[in-house]
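Undergrad: One structure follows; several queries about it will come next.
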Amino acid sequence: MRNYVSRWGEIDIVCRHANTLVFVEVKARSEASWEKPAEAVTKSKQRRIIRTAYAYLQELEDSAEIPARFDVVEVYLQENQAPRCELITSAFALPDERV
Amino acid sequence: MLAKVQSASVVGVQAFRVEVEVDAGRGLPHFVIVGLPDTAVKESRDRVKSAIMNSGYVFQDGRNTVNLAPADLKKAGPSFDLPIALGMLHASEQLNIKSFDDYLILGELALNGTVRPVRGILPVAHAAHRAKFKGLIVPEANAPEAAVVEGLPVYGVKNLRHAADFLSGQTQIQPCHVVLEDLFRHDHGPEDMDFADVKGQESVKRALEIAAAGGHNIIMIGPPGSGKSMLAKRIPSILPRMTLPEALETTKIHSVVGLLQHGEALVTARPFRSPHHTISDIGLIGGSANPSPGEVSLAHNGVLFLDELPEFKRSALEVLRQPLEDGKVTISRAAGTLTFPARFMLVAAMNPSPSGKSSDVQNGRVSAAATQRYLSKISGPLLDRIDIHIEVAALKNEQLLGTSTGESSTDIRLRVERGREIQRQRFAGKKIWCNAQMGPKQIKEAVPLNEECRDLLKYAMNDMNLSARAYDRILKVARTIADLADQPDVAVDHLGEAIQFRSLDRQIWG
């Protein structure tokens, strides 16, 4: 599913890998940029994604029984070429405190 | 799925059992440790995760909860890494173990899965033996230390996979075995510490021999360079050999603070602790938020050497009184009250004046008031607990250049051990075992005085202006001197030698 939106925010891609539910955040940067795309997924951005994921799970039945994880896809944009992608699995997890 | 692993933690020098419960549930990825963990335990998450992944297993994302029960006791240190990791592997069904209940498991994990040594293994091994566990799984470097406890198989593991394979029955580990007799055979301490190295100072050596034989505390007064520290460092070499119960007690304390060398099983040489005079009260007697033993406990069954005694903070010296009296220290903190053993021989050294030389007082270079101020830093009650005062004179040139060597520590120790044996027989069935521990009643029984001795004591008390507190000390030391001479009764010459060990009573407080 592409671009799930709730009142808490949005998630770029929601998909399944084997029987695991994967929430994917896609970040793009130009190849020349000194910052890695993944670095742009800050703590507050993670929190927003986690809250949105909760909202998504609430719409499902038996949501507590579904294994889930959060991935980040880095997209490097290059001039006159196809963009290069890198997948980071299990990029982040729930923080200690409640969200 | 749920896993339950048995582990243990140490408070003071006592171990208590901790159950590590690991629940690997589904859901959003989350890893939390509850059960009053300190920072080192909380950080265990990141070590466990890396160690699992780098050992070729899969770290399952999901709702992972670790509970350390009982939940009301504070858990400290990294020793729960290994049980948590094994619990995670079992809970995520990567490991097929019927039951964790047979073994007590401890160990810190490195990021690559190697198991690192932890502190306080010996108390844990004792607890495991009492609780009748089938075995103890510890880091390989700690195995000899735990193996000292007889009747408990100890398995040393190298890394996480090694431990996992052992528990699932894929590998065998030979239980670690130590022969206690072998440990005691080579316990002479550092070879270079022998009384034969000390030139001259025969009278001081004699005083130290008496102190060692009777367990008396001793203070040496002398100018810098007269060899006070050199002599003190050699006292452990003439003290009687450690017995197994003594060695176990001392090792427990050293184990808790992490003083044991890598792979060392037992402290078999008497400890010699020489804290610097800037030490704090807590450093000396123990304490801090998570109460840990201080220098007095580290010197348990050994020697506590306080060089430059008047330079120590007065408050630090005063806290010495309880351990000197009771042989233990009781520390009360918000977390609870703990008792550490602290039975040591106090050896102190000081200069006769602030400048270091007594001649400076006589020729007026240092004022009498300044000297008095310097000496009065040592309180009467503390001095009261020191039986023997001995003056150490500066060496003369001919002594220093001479080739004569002194008696060896081995010979002196033989006499000391014989003297101790006499005392052990005398106090058999009582709670004390050496002359220094005698109370007024026991002194009366053990030191009967004849007419001649009584006269000498009366003369000494009057003429030298000795106090009542000095009286008991003299009798105790006289008893030890008689024991060394293998005499059943205290004679005049024993008493005379004992009286001259009270020089400070006259000089400072007389």
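Bear in mind these aren't lab numbers, they're just calculated from the coordinates by the rules spelled out. Since the structure is predicted, the reported quantities are computational estimates derived from the model, not experimental observations. Quick reminder, even Gly has a Cβ in these numbers, built from the backbone with ideal geometry, and neighbours come from all protein chains shown.
Undergrad: Kindly provide the Kirkwood hydrodynamic radius of the stretch B:319-416 in Å, to one decimal, from all pairs of distinct alpha carbon atoms.
TA: One decimal place: 17.8 Å for the Kirkwood radius.
Undergrad: Measure nothing fancy, just the Cα-based angle from helix A:43-59's long axis to the longest principal axis of chain A, in degrees from 0 to 90, nearest 10.
TA: Here the helix axis deviates by roughly 40 degrees.
Undergrad: Under 18 Å from a label point 7 Å along Cα→Cβ of B:SER359: give me every residue in the stretch B:389-403 with its amide N that close.
TA: Taking a point 7 Å out along Cα→Cβ of B:SER359, the residues of the stretch B:389-403 whose backbone N falls under 18 Å are B:392-401.
Undergrad: In addition: Mean residue ellipticity at 222 nm from the helices of the protein assembly as shown, using -39,500 (n - 2.57) per DSSP H segment of n ≥ 4 over the full residue count, to the nearest 500 deg cm²/dmol?
TA: -9500 deg cm²/dmol
Undergrad: Still on this model: Run the numbers on the stretch B:432-500 and let me know its relative contact order in percent, using alpha-carbon pairs under 8 Å that are six or more apart.
TA: It rounds to 40 percent for the stretch B:432-500.
Undergrad: Between A:SER6 and A:GLU65, take the C-beta separation as r, use R0 = 30 Å, and let me know the FRET efficiency to the nearest 0.05.
TA: Working from the Cβ atoms, E equals 0.90.
Undergrad: Determine the relative contact order of the stretch B:287-436: mean sequence separation of Cα pairs under 8 Å and six or more apart, normalised by residue count, in whole percent.
TA: 21 percent
Undergrad: Right, something else. Loop only by DSSP, 11 or fewer other Cβ within 10 Å of the Cβ. Give me the chymotrypsin sites (Phe, Trp or Tyr not before Pro) in chain A that pass, ordered by residue number.
TA: Counting only loop positions with at most 11 other Cβ atoms within 10 Å, the chymotrypsin sites (Phe, Trp or Tyr not before Pro) in chain A are A:TRP34.
Undergrad: In what order do B:MET88, B:MET461, B:MET345 fall by count of nearby beta-carbon atoms within 10 Å, going from fewest to most?
TA: Least to most surrounded, the residues fall as B:MET461, B:MET345, B:MET88.
Undergrad: Of the GluC sites (Glu not before Pro) in the stretch B:178-258, which ones lie in a loop per DSSP and count no more than 15 other C-beta atoms within 10 Å?
TA: Details: sites: B:GLU181, B:GLU191, B:GLU202, B:GLU209, B:GLU246, B:GLU249; in loops: B:GLU191.
Those that pass, being in a loop and sparsely packed, are B:GLU191.
Undergrad: Is the shape of the protein assembly as shown rounded, prolate or oblate, going by the alpha carbon gyration tensor and its root eigenvalues a ≥ b ≥ c, with a/c under 1.5 for rounded and a/b larger than b/c for prolate?
TA: Prolate.
Undergrad: Could you calculate the FRET efficiency of B:ALA468 with B:ARG206 from 1/(1 + (r/R0)^6), where r is the beta carbon distance between them and R0 is 25 Å, rounded to 0.05? Mind showing how you got there, number by number?
TA: Values: r = 26 Å, r/R0 = 1.06.
That pair, B:ALA468 with B:ARG206, gives E of 0.40.
Undergrad: Tilt of helix B:44-54 relative to the longest C-alpha principal axis of chain B, in degrees (0 to 90, nearest 10)?
TA: 60 degrees
Undergrad: Can you give the mean number of other chain Cβ atoms that lie within 10 Å of the Cβ atoms in peptide B:52-64? It would help to have the intermediate numbers written out before the result.
TA: Details: counts 0, 0, 0, 0, 0, 0, 0, 1, 3, 8, 6, 5, 1.
Rounded to a whole number, the mean comes out at 2.
Undergrad: Another question about this same structure. Taking the 0 to 90 degree range and rounding to the nearest ten, how far is the long axis of helix B:244-256 tilted relative to the main principal axis of chain B, both from C-alpha atoms?
TA: 60 degrees
Undergrad: So, with +1 on the Cβ of K and R and -1 on the Cβ of D and E, and no other charges, what is the size of the charge dipole of the stretch B:211-311 about its Cα centre, to the nearest 20 debye?
TA: 320 debye
Undergrad: Also, quick follow-up: Cross-link list A:LYS43/B:LYS42; B:LYS228/B:LYS377; B:LYS228/B:LYS252; B:LYS431/B:LYS476; A:LYS43/B:LYS74; B:LYS49/B:LYS252: which exceed 22 angstrom alpha carbon to alpha carbon?
TA: The answer is B:LYS228/B:LYS252; A:LYS43/B:LYS74; B:LYS49/B:LYS252.
Undergrad: Please list, by residue number, every one of the trypsin sites (Lys or Arg not before Pro) in the stretch B:329-405 that is coil in DSSP and has at most 12 other beta-carbon atoms within 10 Å.
TA: Answer by residue number: B:ARG365, B:LYS396.
Undergrad: Quick check: pseudo-label points 7 Å beyond the Cα along Cα→Cβ at B:ARG418 and B:VAL58, how many nm apart are they?
TA: 7.6 nm
Undergrad: Where does each of A:ARG16, B:ARG26 land when they are ranked from fewest to most other beta-carbon atoms within 10 angstrom? Kindly include the intermediate steps, with their values, before the conclusion.
TA: On the way: A:ARG16 10, B:ARG26 18.
Fewest-to-most Cβ neighbours within 10 Å comes out as A:ARG16, B:ARG26.
Undergrad: Quick check for me: using +1 on Lys/Arg Cβ and -1 on Asp/Glu Cβ, what's the dipole size of chain B about its Cα centre, in debye to the nearest 20?
TA: Once rounded to the nearest 20, the dipole reads 980 debye.
Undergrad: Please check chain A for the longest run free of GluC sites (Glu not before Pro) that are loop-located per DSSP (anything but H, G, I, E, B) and have at most 15 other Cβ atoms within 10 Å.
TA: Answer - A:1-30.
Undergrad: Place a label point 7 angstrom from the Cα of B:ASP182 along the Cα-to-Cβ direction, then list the residues of the stretch B:247-266 whose backbone nitrogen is under 14 Å away.
TA: B:264-266
Undergrad: Does the stretch B:74-146 come out rounded, prolate or oblate by the C-alpha gyration tensor, with a ≥ b ≥ c the root eigenvalues, rounded set by a/c under 1.5 and, if not, prolate when a/b is larger than b/c and oblate if not?
TA: oblate
Undergrad: Sum up the charges of everything whose Cβ sits under 14 Å from the Cβ of B:ASP281, counting Lys and Arg as +1 and Asp and Glu as -1, but leave B:ASP281 out.
TA: +2
Undergrad: Let me have the relative contact order for chain A, percent, based on Cα pairs under 8 Å that are six or more residues apart.
TA: Dividing the mean separation by the residue count of chain A yields 28 percent.
Undergrad: Modelling each spin label as a point 7 Å along the Cα-to-Cβ direction, I'd like the B:GLN174/A:ARG51 distance in nm, to one decimal.
TA: For B:GLN174 paired with A:ARG51, the spin-label model returns 6.2 nm.
Undergrad: Over the Cα atoms of chain A, what Rg and Dmax result, in angstrom?
TA: That works out to 14.4, 46 Å for Rg and Dmax.
Undergrad: If you don't mind, there's one more thing I want to ask. I need the calculated FRET efficiency for the pair B:LYS328 and A:LEU87, taking r as the beta carbon distance and R₀ as 60 Å, to the nearest 0.05.
TA: Efficiency, from the Cβ-Cβ distance: 0.45.
Undergrad: Under a point spin-label approximation (7 Å from Cα along Cα-to-Cβ), what is the B:ARG321-B:THR337 distance to one decimal in nm?
TA: Computed distance between label sites B:ARG321 and B:THR337 equals 1.9 nm.
Undergrad: Can you tell which of B:GLY380, B:ASN397, B:VAL447 lies farthest toward the positive end of the dipole of the stretch B:356-485, using +1 and -1 charges on the Cβ of basic and acidic side chains (Lys, Arg; Asp, Glu)?
TA: The listed residue farthest towards the positive side: B:GLY380.
Undergrad: What does the structure give for B:22-34 when I average, per residue, the other chain Cβ atoms found within 10 Å of the residue Cβ?
TA: Working: counts 0, 0, 0, 3, 10, 9, 16, 10, 5, 3, 4, 1, 0.
Per residue, the average neighbour count from other chains is 5.
Undergrad: Which lysines, if any, have their Cα less than 19 Å from the Cα of B:LYS233, not counting same-chain residues under 8 positions apart?
TA: B:LYS199, B:LYS205
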